[in-house]
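Participant: Quick one: the structure is below, questions incoming.
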Amino acid sequence: MPSFKRRVGLVALAALRACGAFHVARRLTGRGLRILCYHGFSVADEHRFRPGMWIRGDSFARRLAYLRRAGHPVLPLDEALERLAHGTLPPAAVAITIDDGFAGTHSVAVPVLHAYHAPSTLYLTTYYVVQQDPVFDLAVGYLLFRTAVDTLDPRPLGVPELATPLAWKRLTAAAREATVAAIVRHGHEQLGREARARLLERLAELTAVPLAPVLESRMFHLLNEDEVRAVHAAGVAIELHTHRHATPVTAACASAELAENRRHIVRLTGREPRHFCYPSGRYGEWDPDWLSAADVRSATTTVPGFDYATTPWWQLSRFNDGESVPQLMFEAEMSGMLELIRRLRARLRGERRARDIVAPSPTRVPVATPARPRVEDRPVRIPNYAAADAVPGAAHGQPSKSDRRPVA
Ligand SMILES: [Zn+2]
């Protein structure tokens, strides 16, 4: 059930659409590129677990049907950015991006993309492609999301912080998240691959949630190597997302992460990746120089908004779509209605964004090595997906020490 605020917002959007405001918004914002961001495509009920991060195949097909019906040109990201820079982008153009590379990208998303002849980009993180384990953080979170037990005795898990039985049903959401975080932290910092797999088995017993369907459906697995090749052969551009979904703290770490990620992508596709997406949306922690040193041409964030000829290529905005986004809100976003509302809010807050200050120049061509942005030019981080991503256990964040060993 949507919150009261959400329901009021939807009623207001329905009224705006009925009086033709979406058409006006589209004319006013036509020059902005709409980059869509997806993560998982449900093979079971993952969208109930993380509705901001997963979307059902039917819902995804509805989105693409709408884009076709409403006449939004869907372009490959690479072409869209070039045309944006050269002032030749068709009005209200869209680029579709997918993060991470969950197995459902192949089984659910690609058939829909194919049916609508829609080009797309997949930012692939390669550690779990090579290892073919379920993403540990998500599997732990899912078992605890699904459990119906009243009391959970976590002692058999061997997590030092969890030394007493928990009245699970009566715990607050924050206390549950803290439990997930403690298990995930222990698994990453203290255990190797096999011990983590055994911990998942023990957790499945304690929660009375069968683990076999989770593993067999591969809901939290990433694409295997054959599936990456198949997705690439289906026309999806495979791009960079770091090998371990990491946010490095030094230039050397960033270089190693990008090089390993690139090596696997080239090995699987025979094509050099050129574009990048910041893992977990943490773009503020990356130095743009690290990206230019790795020959990265563009980088996307999870900050909502359209992209213009003046938007820095290492800080591209995207709209995070998922099952939690009602169809009306998706249409409001694509029309530009929500972009206008964001601009209005920014004005009211007195925060003029960098792109409003820089005069647009249709002849401006971005260079491959962008200058470092001034700190005050960086947009305020308004994570959308990252809100879910930031919840402990929601994302496959930093790898354990054991993960840091070479994996291939
Ligand atoms: Zn990611």
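The values are calculated or read from the model by the stated rules, or taken from the named source; none is laboratory data. Note that the structure is a prediction, hence the values are computed from the model and not measured. Neighbour counts are summed over all protein chains in view; Cβ atoms, including those assigned to glycine, are modelled from backbone coordinates with ideal geometry.
Participant: Check Val209 against each of (1) on the phi < 0 side of the Ramachandran plot; (2) assigned by TED's automatic domain parsing to the domain that holds Ser317; (3) assigned to a loop (DSSP other than H, G, I, E, B) and name the one condition it does not meet.
Facilitator: (2)
Participant: Mind listing just one residue for me: the one in the stretch 246-262 that is in contact (Cβ under 8 Å) with a residue 40 or more places away in the chain and part of a helix (DSSP H, G or I) and, of those, nearest to the ligand (Cβ to nearest atom)?
Facilitator: If we filter the stretch 246-262 for residues that are in contact (Cβ under 8 Å) with a residue 40 or more places away in the chain, which is where we start, we get 246-248, 251, 254, 260-261.
After this cut, where a residue has to be part of a helix (DSSP H, G or I) as well, the list is 251, 254, 260-261.
Numbers: Ala251: 21, Ala254: 16, Glu260: 16, Asn261: 12 Å.
Ranking the candidates gives Asn261 first.
Participant: Tell me which residues, restricted to the stretch 164-201, are of a type in the set (D, E, K, R) and either under 23 Å from the mean Cα position of the chain (by Cα) or within 17 Å of Leu138 (Cβ to Cβ) (or both).
Facilitator: Selection gives Arg176, Glu177, Arg185, Arg193, Arg196, Glu201.
Participant: Could I ask something else about it? For residues that are touching a strand residue (DSSP E or B) at 6+ places or on another chain (Cβ under 8 Å) and assigned to a helix (DSSP H, G or I), scanning just the stretch 225-245, find the one that is surrounded by the fewest Cβ atoms within 10 Å (Cβ to Cβ). Outline the logic, then answer.
Facilitator: Going residue by residue through the stretch 225-245, those that are touching a strand residue (DSSP E or B) at 6+ places or on another chain (Cβ under 8 Å) are 228, 231-232, 236-241, 245.
Now drop any that are not assigned to a helix (DSSP H, G or I), which leaves 228, 231-232.
Details: Val228: 25, Val231: 25, His232: 19.
Per the criteria, the residue is His232.
Participant: Taking Ala309, is it within 16 Å of the ligand (Cβ to nearest atom) and either buried (at least 16 other Cβ atoms within 10 Å of the Cβ) or modelled with pLDDT of 50 or more (or both)? Break it down stepwise before answering.
Facilitator: Details: within 16 Å of the ligand (Cβ to nearest atom): no; either buried (at least 16 other Cβ atoms within 10 Å of the Cβ) or modelled with pLDDT of 50 or more (or both): yes.
The answer is no for Ala309.
Participant: Take the residues in the stretch 28-49 that are within 16 Å of the ligand (Cβ to nearest atom) and farther than 19 Å from Thr125 by Cα; name whichever of them is surrounded by the most Cβ atoms within 10 Å (Cβ to Cβ). Walk me through it before giving the result.
Facilitator: First pass over the stretch 28-49, keeping only residues within 16 Å of the ligand (Cβ to nearest atom): 35-41, 46.
Next, only the ones that are farther than 19 Å from Thr125 by Cα stay: 35, 46.
Numbers: Ile35: 24, Glu46: 26.
Here the residue is Glu46.
Participant: Any residue in the stretch 108-131 that is within 21 Å of Glu46 (Cβ to Cβ) and modelled with pLDDT under 95 sitting within a Cβ distance under 8 Å of a residue that is aromatic (Phe, Trp, Tyr) and not in a loop (DSSP other than H, G, I, E, B)? List the pairs, counting only those 6 or more apart or interchain.
Facilitator: Filtered contacts from the stretch 108-131: no entries.
Participant: Something else: Exactly one condition in (1) more than 16 Å from the ligand (Cβ to nearest atom); (2) closer than 22 Å to Ser120 by Cβ is not met by Phe22; state its number.
Facilitator: It is condition (2) that Phe22 fails.
Participant: Kindly provide the set of residues from the stretch 263-299 that are small (Gly, Ala, Ser), in a loop (DSSP other than H, G, I, E, B) and in contact with a strand residue (DSSP E or B) (Cβ under 9 Å, 6 or more places away or on another chain), ordered by number.
Facilitator: The initial filter retains those residues of the stretch 263-299 that are small (Gly, Ala, Ser), namely 270, 280-281, 284, 292-294, 298-299.
Subset that is in a loop (DSSP other than H, G, I, E, B): 270, 294.
Once the filter is applied, which keeps residues that are small (Gly, Ala, Ser), in a loop (DSSP other than H, G, I, E, B) and in contact with a strand residue (DSSP E or B) (Cβ under 9 Å, 6 or more places away or on another chain), the stretch 263-299 yields only Ala294.
Participant: Please verify whether the stretch 115-124 includes one or more residues that are among the hydrophobic types (A, V, I, L, M, F, W, C) and crowded, with 24+ Cβ neighbours inside 10 Å.
Facilitator: Within the stretch 115-124, the subset among the hydrophobic types (A, V, I, L, M, F, W, C) is 115, 118, 122, 124.
So of that shortlist, the ones also crowded, with 24+ Cβ neighbours inside 10 Å come out as 122, 124.
Within the stretch 115-124 (the criterion being among the hydrophobic types (A, V, I, L, M, F, W, C) and crowded, with 24+ Cβ neighbours inside 10 Å), the answer is yes, since at least one residue qualifies.
Participant: Determine whether Leu67 is more than 16 Å from the ligand (Cβ to nearest atom), buried (at least 21 other Cβ atoms within 10 Å of the Cβ), under 16 Å from Ile96 (Cβ atoms) and not β-branched (Val, Ile, Thr). Walk me through how you get there before you give the answer.
Facilitator: Numbers: more than 16 Å from the ligand (Cβ to nearest atom): yes; buried (at least 21 other Cβ atoms within 10 Å of the Cβ): yes; under 16 Å from Ile96 (Cβ atoms): yes; not β-branched (Val, Ile, Thr): yes.
Yes; evaluated as a whole, the condition is true for this residue.
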